[in-house]
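Right, one structure below, let's go through it.
Since every read-out is calculated from the coordinates, none of them should be taken as a lab result. Values in this document were obtained by computation on a predicted structure and should not be read as measured data. Cβ: placed from backbone, ideal geometry, glycine included. Neighbour counts: every protein chain shown.
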Amino acid sequence: MTSTPPSKKVNNGKSRSVLDVARGSIEQPEEQMGSTPPPSHLVAKLFPQLKPKEKIKPAQPGAMESLQSARDRPVGEGLQAKVFTQKLAELENEIARFRKENAALSRLREEREKGLELFKKEVTEFERQKEAELKKIEEYRDKEMKKLKKEKKIFEKHQKATRSLPDKKDREEIDQLKNQELSRRESRWTANSKRLKDRVEALSNENESLKEEIEARNVKQQEDLAKGERKKAAARIRALRTAGKPKSLIPEFEPGKFPTLPSNLPRALETGKNTVKQHEKKMLPVENVKEPPGHKKDTSDSDSSSSDDDQSPAPSPQRGTDHHPAVSPSGFRDQEAFKSPQMTPERDGDHTEEQIHHPDGKVEVLHPDGSRLITFKNGTRKEISSDGQIITVTFFNGDTRQIYPDQRVVYYYAETQITHTTYPDGLEIIHFPNNQTEKHYPDGTKEITFPDQTIKYLFQNGGEECVFPDGTLLRVAPDGDRTMEFPNGQREIHTAHCKKREYPDGTVKTIYPDGKQETRYAHGRIRVKDKDGRVLVDQQT
């Protein structure tokens with residue numbers, strides 16, 4: 001605060017009050033300064049304002065008396081009044097200056113106390129961080145020492161193994177022995193290969209000779225069967241003739257000599273080696289044959305007699321069998337058309353359906369449209385289309401096998417309800433009853449589609465790839481590493497050493513087998529935690 005000098009026209013009371021105020025203001029800073037300790041040399045050097053001020057000496061008694069006398073004098077007494085006024089103004093200025101300095105000293109003292117308090121806090125924090133860092137360093141040192149010991153053991157083992165390995169001379173000798181062994185094996189393999197080739201050639205020649213012998217025997221067997229059929233036909237015709245049949249229908253002939261048949265009788269099927277050639281025939285109705293008087297045999301009797309004949313070692317003498325050799329047009333082989341109504345072809349309007357019974361028990365039905373149905377003895381059925389392009393085999397256990405013109409083979413397992421389709425290029429498709437589908441490609445790759453539309457690929461090198469319905473992709477490498485790619489852009493990698501997850505923003509989080517976690521953020525920050533979740537490293541690179 002500043003005060004204006006008093007006017008010259010003041011009374012003694014006013015002058016006394018001013019002096020008292022001046023004396024009080026002089027004594028007040030002295031007391032205040034005496035209450036605080038003097039600043040140190042370092043603080044005084046850093047803060048020049050805190051240097052101790054020279055103390056104002058107390059007024060001498062003579063001076064106080066002169067001041068009192070001057071106060072008793074009238075103010076307007078010339079020179080003394082002027083000096084007193086100047087002195088008063090100086091005192092006022094001194095008071096104002098002391099007040100300012102006192103305020104500054106108070107402020108500096110507060111700042112100093114705050115600084116000291118902050119300094120103490122920093123020292124305490126520094127000591128705490130120092131202890132923590134020392135502890136981390138000790139732990140890191142112990143860990144590194146353990147690693148060094150472990151690596152030292154491994155290195156010693158490696159040294160021992162290296163010492164036990166053969167040297168250059170031994171390696172050369174080992175290579176030489178390996179080459180000798182390899183050459184012996186190659187010579188032995190060459191000899192075996194040559195011997196096997198000779199054996200294969202000899203077996204091939206033997207197979208050819210056996211095939212020729214089998215063909216010759218088949219031809220002879222067919223000739224014997226044809227002779228047996230002719231003999232049976234002649235015997236039946238003689239029996240019919242003696243029973244009183246009209247001579248116009250059954251011409252007389254001698255055994256072994258066959259007359260020419262009328263044009264209205266059916267002609268025999270000419271059969272070659274494992275082939276059947278069909279011809280349209282017109283059969284003489286059985287009802288046109290007149291029975292002689294007194295001959296009253298019903299159909300059952302004729303059927304029973306025919307069944308007795310069929311039980312003979314010779315095959316069933318039915319027309320159209322594919323085991324009969326070709327005969328000349330003047331030959332007679334189908335006299336058994338008169339045996340029973342079962343031997344007549346089935347009529348459907350103008351179409352005729354023929355059956356061929358083979359000696360091994362299979363029955364072949366020739367349809368008018370050219371298609372064939374073969375029924376085997378064990379119940380297996382084989383259907384061949386008219387163009388021969390589609391073949392359907394129905395086995396006795398319910399399984400079905402279909403061959404299509406594009407060489408596609410479809411096999412249906414009746415018991416498990418599994419469909420197996422094979423394509424000419426080697427592709428195989430297996431369909432299960434639960435809507436699961438497997439595709440086996442020629443290169444060894446397998447594709448499995450599960451009922452929930454999950455698709456799994458199995459590669460020949462041992463790798464796997466799985467696509468889930470939500471878009472998640474799982475890859476398994478041959479070494480066992482697994483990689484998962486999620487629809488949100490995240491990627492997770494599982495190896496034998498760690499588990500890693502990569503986020504779209506570039507953040508990578510890694511978990512090690514010992515439980516330690518490492519997170520690397522896209523902006524360069526690295527944070528490492530132990531298995532208990534304590535932060536070991538958190539820094540910005």
Kindly rank 184-190, 364-370, 412-418 from highest to lowest mean number of other beta carbons found within 10 Å of each residue.
364-370, 412-418, 184-190
Which whole-Hz ³J(HN,Hα) couplings does the range 455-460 yield from phi under the Karplus relation 6.51 cos²θ - 1.76 cosθ + 1.60, θ = phi - 60°, glycine and proline marked x?
10, 10, 10, 10, 8, 5
What FRET efficiency comes out for Ala202 versus His158 if R0 is 41 angstrom and r is the Cβ-Cβ distance? Round to the nearest 0.05.
0.10
Taking only the C-alpha atoms, wrap a convex hull around the range 177-225 and report its volume per residue in Å³ as a whole number.
41 Å³
Could you tell me which of Tyr140, His158, Gln129 has its Cα farthest along the dipole of the range 119-164 towards the positive end, charges placed at Cβ (Lys, Arg +1; Asp, Glu -1), taken about the Cα centre?
His158
Between the range 178-214 and the range 93-151, the Cα center-to-center distance that results, in Å:
95 Å
Pairs Lys143/Lys531; Lys130/Lys516; Lys149/Lys516: which are spaced more than 18 Å apart, C-alpha to C-alpha?
Lys130/Lys516; Lys149/Lys516
The answer for Gln355, listing residues at least 5 apart or on another chain whose modeled amide H is closer than 5 Å to its amide H, is Leu366
Viscosity 0.692 mPa s, temperature 37 °C, Stokes-Einstein D of the range 498-541 from Kirkwood C-alpha radius, µm²/s
312 µm²/s
Taking only the alpha-carbon positions of the range 367-413 as identical scatterers, the Debye log10 I(q)/I(0) at q = 0.28 Å⁻¹ comes out as -1.01
Share of Cα-Cα pairs in the range 400-503 beyond 23 Å, whole percent, is 44 percent
Within the range 463-503, whose backbone N sits under 17 Å from a point 7 Å along Cα→Cβ of Arg525?
503
Just to be sure I understand the model, the point goes 7 Å from the Cα along the line to the Cβ. What's the resulting Val365 to Glu465 distance in nm?
5.1 nm
Evaluated at 37 °C and 0.692 mPa s, the Stokes-Einstein D of the range 396-443 based on the Kirkwood radius over Cα pairs, in µm²/s, stands at 292 µm²/s
Rg in Å to one decimal, and Dmax rounded to a whole Å, for the range 87-149 via C-alpha atoms:
26.8, 90
Quick check: residue separation of Lys100 and Lys150 times 0.36 nm, minus the Cα distance between them. What number comes out in nm?
10.7 nm
Of the listed pairs Lys232/Lys377; Lys197/Lys220; Lys157/Lys500; Lys227/Lys382; Lys146/Lys529, which have alpha-carbon separations greater than 23 Å here?
Lys232/Lys377; Lys197/Lys220; Lys157/Lys500; Lys227/Lys382
